1. Need at least 2 residues that are touching a strand residue (DSSP E or B) at 6+ places or on another chain (Cβ under 7 Å) and over 30 Å from THR287 (Cβ atoms) per element, so show me which strands (runs of 3 or more DSSP E) inside the stretch 24-109 make the cut, counting only ones lying wholly within it.
2. Select, from ALA80, ALA103, the only residue that is open to solvent by 30 Å² or more (accessible area, probe 1.4 Å), of a type in the set (Gly, Ala, Ser), farther than 12 Å from GLY52 by Cβ and in contact with a Pro (Cβ under 9 Å, 6 or more places away or on another chain).
3. Can you spot a residue in the stretch 218-225 that is farther than 23 Å from ALA44 by Cα, at pLDDT 95 or above and of a type outside the set (Phe, Trp, Tyr)?
4. I'm told ILE87 meets every condition in (1) closer than 18 Å to ALA307 by Cβ; (2) of a type in the set (A, V, I, L, M); (3) buried (at least 21 other Cβ atoms within 10 Å of the Cβ) except one. Can you identify the failing condition by its number?
5. Give the residues of the stretch 74-94 that are charged (D, E, K, R) and at pLDDT 95 or above, sorted by residue number.
6. Residue check: is ASN134 surrounded by fewer than 19 Cβ atoms within 10 Å (Cβ to Cβ) and touching a residue at least 60 places away in the same chain (Cβ under 8 Å)?
7. Does any residue of the stretch 116-126 turn out to be open to solvent by 60 Å² or more (accessible area, probe 1.4 Å), farther than 19 Å from LEU308 by Cβ, part of a strand (DSSP E or B) and among the aromatic types (Phe, Trp, Tyr)?
8. Is it the case, given these coordinates, that LEU193 is open to solvent by less than 10 Å² (accessible area, probe 1.4 Å), modelled with pLDDT of 95 or more and more than 27 Å from GLN272 (Cβ to Cβ)?
Amino acid sequence: MRLTASKVLSRLILAVASIALLNACSADDPVTTSPMVVQGLYSAALSDNGSGSLIGSIQHGGSFWKNTPSQRLYNWNHAAGEATPLIAVDIDPSGDFAATGGARTMVLWSTITGQSLGFWNTPGDVKSLKLTRNGDFALVGMDDQTARYFDIKNGGIRQTLRTGAIVRSVDVTPDGRYGLTGDDLYQVILWDLNTGEIKQRWQLDNNVSTVKLSNDGAYVFAAAQLGDAKVWSSLTGAEVSRIDTGALQSRNVTISQAVFSNSNRLLLLGQQNRRVNLVEVMSGDVTRSWDMHLKDTLRPTGAAVLALAFGAGNTYYAIGSNGYLNVFQ
């Protein structure tokens, strides 16, 4: 059968498109993986350089780990003899302090000694939390339609940030100058934590799944569930880039975690389908992709990305909801 020139051209275009699609969907595997738990995680956090991990497991509650080599150092729970369901955890930028939140309780810990440094009750159920440098303060998102800025070392609430909806995700600059909230009214709000005033407000197209500030507070990232993912300038409020990982629209994938590089040039993004992407901040282009480890490739149970970190050089860390630490290069 002879093919006309138009048919040959059509098939060539289809072949090129297929190759491009395969390349867009391809992803590398982790270079190393380490199991932390058997039954999975509620929450996880990585230290800024990826050297330590804090997890809230379904089976045994909280624990703090050294990552290289993988070793559990401390078991942390809010009541003796009980495995606390820890919905939110964080490690401060210095790496010396950590916080765990579950139901209406929050605890500050020393990662050096493993000891508890303070136990506090919260006005609402904790949904998310972030610590400032040296664990001095914590911004806590709750189901009472507020985020509270706690003096977590001494007790007391410095600011009450009222959003009008459940606050699903929060972030704070290391110096405690700015806070960021994402809520169920599709709002992303940048706050001045010294005054409690709103600096910027943006709107997404669905409930906010995750928010992130660059360390210097210059840039804001936020993603909606099954929807938009954007970067803005915190100074002007202008949109810097719209990020499409190649799956947001076609496969309805939600970005669950994000972290800026120290240079603000790159974003590391984690999705609920175990994909991790390295993205250029200014263009929104994906430059590298990896898939986290699955426990059983024959009967995969999936793994949402719960924590991310930039390591030394071209090393990246991710913790999945299936309880595995992944190292990428």
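The values are calculated or read from the model by the stated rules, or taken from the named source; none is laboratory data. If you're wondering where the values come from, they're calculated on a predicted model, not measured in any experiment. Neighbour counts are summed over all protein chains in view; Cβ atoms, including those assigned to glycine, are modelled from backbone coordinates with ideal geometry. We work out accessible area using only protein heavy atoms, side chains counted, and drop any ligands, DNA or RNA first. Shrake-Rupley method; radii C 1.70, N 1.55, O 1.52, S 1.80 Å.
1. On the way: elements: 32-35, 41-46, 52-57, 61-66, 71-76, 88-91, 97-102.
Filter on the stretch 24-109 gives 52-57, 61-66, 71-76, 97-102.
2. Values: ALA80 fails: in contact with a Pro (Cβ under 9 Å, 6 or more places away or on another chain).
From the options ALA80, ALA103, the qualifying one is ALA103.
3. Our first condition is that a residue be farther than 23 Å from ALA44 by Cα; within the stretch 218-225, this holds for 218-219.
With at pLDDT 95 or above added as a condition, the list becomes 218-219.
This time we only want the ones that are of a type outside the set (Phe, Trp, Tyr), so: 218.
There is at least one residue in the stretch 218-225 that is farther than 23 Å from ALA44 by Cα, at pLDDT 95 or above and of a type outside the set (Phe, Trp, Tyr).
4. (3)
5. Here is the first cut: in the stretch 74-94, the residues charged (D, E, K, R) are 82, 90, 92.
The answer is ASP90, ASP92.
6. On the way: surrounded by fewer than 19 Cβ atoms within 10 Å (Cβ to Cβ): yes; touching a residue at least 60 places away in the same chain (Cβ under 8 Å): no.
No, not satisfied.
7. Yes.
8. Details: open to solvent by less than 10 Å² (accessible area, probe 1.4 Å): yes; modelled with pLDDT of 95 or more: yes; more than 27 Å from GLN272 (Cβ to Cβ): yes.
So LEU193 fits the description; yes.
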